[in-house]
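What follows is a single structure, written as structure tokens, with notes after it.
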Amino acid sequence: MKNLHKTRATQTMNALGTPLTNAYPRRNFYCPCRAKSFRTNTASSASSFARTDRGFASSSPDVEEHKAIVTRRETILGAIVGLATTSSFSFESVASFAAEGETKKQIILITGGNSGIGKTACEQLARLGHKVILHARTPAKAEQAKKEIIYGQPDADIVTMKSNCDLMDLREVQQYCKEVLEYLSKSSDDGEENVSVKKLDSLILNAGIMAAPYELTKQNHESHFGINHLAHFLMYENLKPALFAEDSSKGPARVISVSSLLALIGELALDLDDLDFERRKYDKWYAYGQSKACNILFADDLAHENSKSKLVANSLHPGIVTTDLVRYSFPDLIASKRDPERERWIREQARKIGIRDADEGCKTHVWLATNDAALETSGEFFVDPGLVYPGATRQQLVEAGDWFLVSGEEFLAPELQFPARLFDGWRNDEIRVKLRERSQDMVSEFLL
Ligand SMILES: NC(=O)c1ccc[n+]([C@@H]2O[C@H](COP(=O)([O-])OP(=O)(O)OC[C@H]3O[C@@H](n4cnc5c(N)ncnc54)[C@H](OP(=O)(O)O)[C@@H]3O)[C@@H](O)[C@H]2O)c1
């Protein structure tokens with residue numbers, strides 16, 4: 001396998017092919033993950049970065065700069081939207097991405113398959129002839145989604161489980177995985193009994209929440225960290241017998257970790273000594289950014305720890321997609337509150353500025369899960385089918401409709417080093433290993 005981690009620094013080029021370290025002057029950002037994570041002496045660590053329950057206690061230049069960055073966040077969003085309105089892109093269809101070089105019938109489990117991108121991914125995967133295990137928070141939600149998909153595609157092979165699986169509760173995740181393994185161990189379709197567990201070809205860890213108010217999971221973890229990362233980490237651990245099941249007719253298993261461009265704030269938001277926001281002031285965007293950085297590190301770690309012939313793991317950003325993920329941040333934009341008559345017009349306008357609908361938003365999920373070419377790469381962050389970032393050229397990003405990355409590099413990077421700094425300071429071997437160790441401790445009680 002290509003040593004992706006060693007070569008990452010040299011891959012980090014901006015759109016014009018200039019090494020980013022030269023293109024943008026480095027700033028002395030406050031960096032919890034880099035500054036704190038690997039200190040063995042907790043007391044000295046705590047005193048070096050004094051914070052109160054209400055936030056940062058110090059007024060050091062680093063902290064002041066950090067505050068200024070936080071304040072400018074709204075400006076960044078405004079700039080993105082403003083600049084986006086002047087652009088226009090065309091898209092290829094999802095089918096064209098999936099059809100070329102697709103593998104034979106797979107068994108694919110996807111979390112959050114009842115809504116948004118997860119649901120359209122289920123539809124696309126079923127249309128390509130794969131068996132889809134559709135996860136949802138409750139069996140009722142899973143059944144409802146299955147019914148809707150089968151209404152449009154009567155021969156869709158969609159499977160649901162009977163267990164609840166709220167990702168807020170690791171006990172439910174454990175029980176759900178048990179049921180999945182039992183399902184995969186059942187008599188085979190040809191009537192054989194007591195066959196060993198069937199191979200789970202792809203695990204798409206897609207479910208997530210964004211910018212939710214502070215809440216704790218059943219096991220007292222901050223909810224973004226708990227749902228978006230930890231529950232998925234446990235799911236992978238418990239489904240290993242199926243992912244690594246021997247099947248000479250199949251290729252390596254694939255794990256697809258759905259992250260986000262907002263992982264870019266990883267350097268500011270990821271704090272391995274405070275993953276649950278017990279010691280720092282809660283910030284819903286930092287909580288989301290941290291969890292999405294964890295999604296990338298998790299895939300990197302799996303890629304690093306497994307040979308490509310056994311398991312291929314990648315993370316992805318699906319694009320900016322119109323789904324109900326905005327239920328906490330922009331509640332008026334959820335589907336049930338939008339005016340159906342204006343919906344078509346809005347979709348067209350959104351498309352012009354690079355915002356995808358859920359049909360388009362699932363194309364990288366589908367490509368990574370089904371395309372043979374996706375087996376060539378492990379431990380990368382995909383922003384489109386076949387397109388890895390950093391590494392993609394400006395032209396490739398523009399052609400793929402990834403306006404946000406391009407504008408980020410060209411307009412925002414000089415100001416905030418965005419997203420040139422996407423992986424600076426936190427996407428490295430030390431941090432991915434540490435995250436794995438912390439996560440293993442947290443889920444140990446729930447391993448099968
Ligand atoms: N939309 C975007 O622009 C965008 C951009 C970057 C990344 N992403 C990522 O894409 C993924 C899918 O998001 P989406 O846009 O499709 O949003 P969505 O429509 O809100 O779907 C989220 C899914 O996650 C499930 N989920 C959330 N909390 C859960 C819990 N505690 N237990 C079980 N399931 C839970 C939801 O189930 P319920 O219906 O039961 O709540 C739903 O099925 C997320 O990981 C998100 O971070 C999206």
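Every number here is computed from the coordinates shown, using simple stated rules; none is lab data. Note that the coordinates shown come from a computational prediction; the quantities given were computed from them, not determined experimentally. Cβ placement follows ideal geometry from the backbone for every residue including glycine, while neighbour counts extend to all protein chains displayed.
For Met442, Met235, what's the fewest-to-most ordering of other Cβ within 10 Å of each Cβ? Mind showing how you got there, number by number?
Working: Met442 21, Met235 25.
Exposure proxy ranking, most exposed first: Met442, Met235.
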Karplus (6.51, -1.76, 1.60) ³J(HN,Hα), θ = phi - 60°, over segment 143-148, in Hz, Gly and Pro reported as x: 5, 4, 5, 4, 4, 5
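Can you put Glu341, Glu445, Glu380 in order of Cβ neighbours within 10 angstrom, beginning with the fewest?
Numbers: Glu341 7, Glu445 11, Glu380 26.
Going from sparsest to densest Cβ surroundings: Glu341, Glu445, Glu380.
Just add up the charged neighbours of Tyr183: K/R +1, D/E -1, any other residue whose Cβ is under 11 Å from the Cβ of Tyr183. Before the final figure, lay out each step's value.
Working: positive: Lys131, Lys162, Lys178, Lys186, Lys198; negative: Glu179, Glu182.
Taking every other residue near Tyr183 into account, the sum is +3.
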Rounded to the nearest Å, the spacing of the alpha-carbon centers of segment 348-395 and segment 109-155 is 20 Å
Amide H to amide H under 5 Å from Val321: which residues, 5+ apart in sequence or cross-chain, H placed 1.01 Å off N in plane? Arg356
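Using a ≥ b ≥ c from the Cα gyration tensor of segment 129-192 (square roots of the eigenvalues), is it rounded, prolate or oblate, where a/c under 1.5 gives rounded and otherwise the larger of a/b and b/c decides, a/b for prolate?
Details: a/c = 2.96, a/b = 1.16, b/c = 2.57.
The shape class here is oblate.
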Low-density loop positions, GluC sites (Glu not before Pro), segment 222-283 - DSSP coil, at most 10 other Cβ in 10 Å: Glu246
Expected output is a single nm value to one decimal: the length gained when fully extending between Ala373 and Tyr328, i.e. 0.36 nm times separation in residues minus the C-alpha distance. What is it? 12.5 nm
Amide H proximity to Val255 below 5 Å, modelled H, separation 5+ or other chain, gives Leu203, Val312, Ala313, Asn314
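For a test of the definition: using alpha carbon positions, the gyration tensor, and the 1.5 limit on a/c, classify segment 238-355 as rounded, prolate or oblate. All intermediate terms of the calculation are to be shown ahead of the outcome.
Details: a/c = 2.68, a/b = 1.39, b/c = 1.93.
Oblate.
Please count, across segment 217-326, the pairs of lysine residues with Cα atoms under 17 Å apart that sit 8 or more places apart or on different chains.
Numbers: Lys240/Lys250; Lys240/Lys308; Lys240/Lys310; Lys250/Lys308; Lys250/Lys310; Lys284/Lys292.
Lysine pairs meeting both conditions in segment 217-326 amount to 6.
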Once phi is turned into ³J(HN,Hα) by the Karplus curve 6.51 cos²θ - 1.76 cosθ + 1.60 with θ = phi - 60°, what whole-Hz value does each residue of segment 207-220 show in order, with x for glycine and proline? 4, x, 10, 9, 6, 7, x, 4, 8, 9, 6, 4, 9, 6
